[in-house]
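Undergrad: Just passing along the structure, written as structure tokens.
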Amino acid sequence: MTVLVTGGAGFIGSAFVRMLAAQTDWRVVNLDKLTYAGNLENLTALAENPLYRFVHGDICDERLVLALVSEEKPDAIVHFAAESHVDRSILSPEPVVHTNLHGTFVLLEAARRLRIPRFVHVSTDEVYGSLEAPLEATEQFPLVPSSPYSASKAGSDLLVRSYFVTYKLPVLITRASNNYGPYQFPEKLIPLMIANALDNKPLPVYGDGQQVRDWLYVEDHCRGILAVLRQGRDGEIYNIGGNRSLPNLEVVRRVLELTGKPASLLQFVTDRPGHDRRYALSSEKLMQETGWRPLVDFESGLTQTIDWYRDHALWVAHVRSGEYRSYYERNYGGRELAASEPRP
């Protein structure tokens, strides 16, 4: 079996690629543009794996995508690639709309034209918008996105579904809650707080810090996606949640406690525009249909994540300095032409 993973150098995508390499004998093709959060250092161990291929490219490049899908003829496409940071989408919405909508369209067209047997679109709980307690979004909840990022993801979800209804393309959609774990780019809440705490820098908290998020360890998320890929029903949507909702402020305080840092490092900053107050997911459908369950509780997962960042200070330093970008040139420089040509 061959799986084409888009965005496989990102945080969740690279975790999924590593999981496939460890748990299956499938061939994995990783298509990634290597934007700011794409980091090939996340996949160093696979660089020489004969069942792994990296292709540097943009999902919005129609010629490249069609050529790659034609060449590889994957049994499945798992689509992670997206501009995924809310703050960046607020400051500059155009790249988010272009990548998340047009890029998804390009992939869908290639899958439709070449009759790919499986297309898994990885989305987010943010498409449901803010929910009042004690509501938990099921897959039937209306989409009420609040940011350019979540709106672009909601739009791409609807586009993916339309290809099932109109063209009978065998698509599946997953929507996950907030992920955390090793290799996460230190701009999202948990890795930023960990990295700053370890460096004795202020930990900035938006507004009053009472925004509630459901936390999902990245490996549990990847197991959920794999369960959907293997067992999901065509045309269906599956929520993947961690079943652990906490206010951001409590998460930050736990980081300080586990790193042994003082509460004086807390720094409240002006809230971002349109900041949703509460996300919550029901994963009952996925659990009933596949038997999936989140296995890593938040306390254990947070401890493991802090330990990983403490033990990988060089990785964090490379990310913060931009040095991680040189990995591509060191290891893939001069291979661009070969990557675009058919394999023997």
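Undergrad: Expressed in nm to one decimal, what extension gain is obtained for the pair Glu323 and Leu158 from 0.36 nm per residue of sequence separation less their Cα-Cα distance?
TA: Once the chain is fully extended between Glu323 and Leu158, it gains 55.6 nm.
Undergrad: Rounded to the nearest 0.05, what FRET efficiency do Arg272 and Arg293 give with R0 = 45 Å and r taken as the Cβ-Cβ distance? Could you check?
TA: Rounded to the nearest 0.05, the efficiency is 0.85.
Undergrad: Next question. Starting from the 7 Å offset along Cα-to-Cβ, what nm value, one decimal, do you get for the label separation of Leu114 and Glu257?
TA: 5.0 nm
Undergrad: Also: Aspartates and glutamates within cross-link reach of Lys153: Cα-Cα under 13 Å, excluding same-chain residues under 8 positions apart?
TA: Qualifying aspartates and glutamates at Cα under 13 Å: Glu83, Asp125, Glu126.
Undergrad: Please determine, in degrees from 0 to 90 and to the nearest 10, the orientation of helix 104-113 with respect to the longest principal axis defined by the Cα atoms of the chain, where the helix direction is its Cα long axis.
TA: The angle comes out at about 30 degrees.
Undergrad: Of Lys168/Lys285; Lys73/Lys168; Lys201/Lys285; Lys33/Lys285, which sit over 30 Å apart, Cα to Cα?
TA: Result: Lys201/Lys285; Lys33/Lys285 exceed 30 Å.
Undergrad: Once fully extended, how much extra length lies between His102 and Leu198, figured as 0.36 nm per residue of separation less the alpha-carbon to alpha-carbon distance?
TA: 30.6 nm
Undergrad: Provide the percentage of antiparallel DSSP beta bridges, counting only those with both residues in the chain; round to the nearest 5.
TA: Counting DSSP beta bridges with both partners in the chain, the antiparallel share is about 10 percent.
Undergrad: Here's something else I'd like to know. Compute the length gained on full extension between Glu132 and Ala22: take 0.36 nm times their separation in residues and subtract their Cα-Cα distance, giving the result in nm to one decimal.
TA: Additional length available on full extension: 35.6 nm.
Undergrad: OK, next. Quick check on the chain: helices-only [θ] at 222 nm, where DSSP H runs of length 4 and up contribute -39,500 (n - 2.57) each and the sum goes over total residues. Nearest 500, please.
TA: -12500 deg cm²/dmol
Undergrad: If I fit a long axis through the Cα atoms of helix 189-198 and take the longest principal axis of the Cα atoms of the chain, what angle between them do I get, 0 to 90°, rounded to 10?
TA: 60 degrees
Each reported figure results from applying straightforward, stated rules to the coordinates on display, with no laboratory input. Just so you know, these numbers come straight off a predicted model, no measurement behind them. For neighbour counting, all protein chains shown are included, and Cβ atoms are generated from backbone atoms with ideal geometry for every residue, glycine included.
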